[in-house]
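Heads up: the structure comes next, in structure tokens.
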Amino acid sequence: MMQKGRVLFPGSFDPFTLGHADIVKRVLQMFDEVVIGVGYNEQKSGWMSVEERVGKIRELYADEPRIKVESYTGLTVDFAKIQGISTIVRGIRSVADFEYELQMADVNRQLAGIETVFLPASPQFASLSSSVVRELSHFGHDISAFLP
Ligand code: ADP
């Protein structure tokens, strides 16, 4: 079998949506193993606690040995190095995503020699974001249709 290696999929995943799950499914066709890195900020508490986010994603992928879920704080490239991973994957929904991601990818390559692979969002999920899901939930809307 061709060796395809490991990739880090970093994000806040607050919460983990169908759009995130779609990226994970597709990137598994390109790499042997995906580490989902749930990033958190020690100064700010998220909508869901980081433990809750990690727990839910682990539960979702309990039967998939090629997917690992870990939390981290600090720079994504530092976490990637700790994990021994040299490739990051990010989803691109829009030009706005692209502008921001291009800058991040550039910094991460210069800082740590880490390359970023971009996957275009599937059209059916291109408008889906964790922040929209949080907003809908805040106003009492049922959000289950957006979550895996
Ligand atoms: P961050 O705070 O790092 O942007 P997110 O949890 O919002 O974390 O997103 C993590 C990654 O998933 C990002 O690369 C983002 O572009 C991507 N992503 C988010 N929603 C979608 C979606 N609906 N389709 C494809 N990619 C997505």
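The values are calculated or read from the model by the stated rules, or taken from the named source; none is laboratory data. Given the structure is predicted, the values throughout are model-derived calculations rather than measurements. All Cβ positions, even for glycine, are placed from backbone atoms using ideal geometry, and neighbour counts span all protein chains on display. Note: accessible area is taken over every heavy atom of the protein model, side chains too, but ligands, DNA and RNA are not part of it. Shrake-Rupley method; radii C 1.70, N 1.55, O 1.52, S 1.80 Å.
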In whole percent, and with a 1.4 Å probe on the protein chains, what portion of the accessible area of the stretch 7-148 is carbon and sulfur?
53
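Stokes-Einstein D for the stretch 3-141 at 10 °C, 1.306 mPa s, Kirkwood Rh over Cα pairs, in µm²/s?
Details: Rh = 15.5 Å.
Answer, rounded: 102 µm²/s.
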Below 8 Å, C-alpha to C-alpha, sequence gap of six or more: please give me the relative contact order for the chain in percent.
30
About the Cα centre, charge dipole magnitude for the stretch 4-148 (Lys/Arg +1, Asp/Glu -1 at Cβ), debye:
240
Roughly how far apart, in whole Å, are the Cα centres of the stretch 119-148 and the stretch 54-116?
20
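Please work out the average accessible area per residue across the chain, using the 1.4 Å probe convention, and give it in Å².
Numbers: 8680 Å² over 148 residues.
Spelled out: the 1.4 Å probe surface of the chain, per residue, equals 59 Å².
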Work out, step by step, the length gained on full extension between E52 and S122: first 0.36 nm times the residue separation, then minus their alpha carbon distance; give nm to one decimal.
22.6 nm
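With only alpha-carbon atoms in the gyration tensor, what are the semi-axes of the equivalent ellipsoid for the stretch 98-148, in Å, largest first? Before the final figure, lay out the partial values.
On the way: eigenvalues 193, 32, 16 Å².
Over the Cα atoms of the stretch 98-148, the ellipsoid semi-axes are 31, 13, 9 Å.
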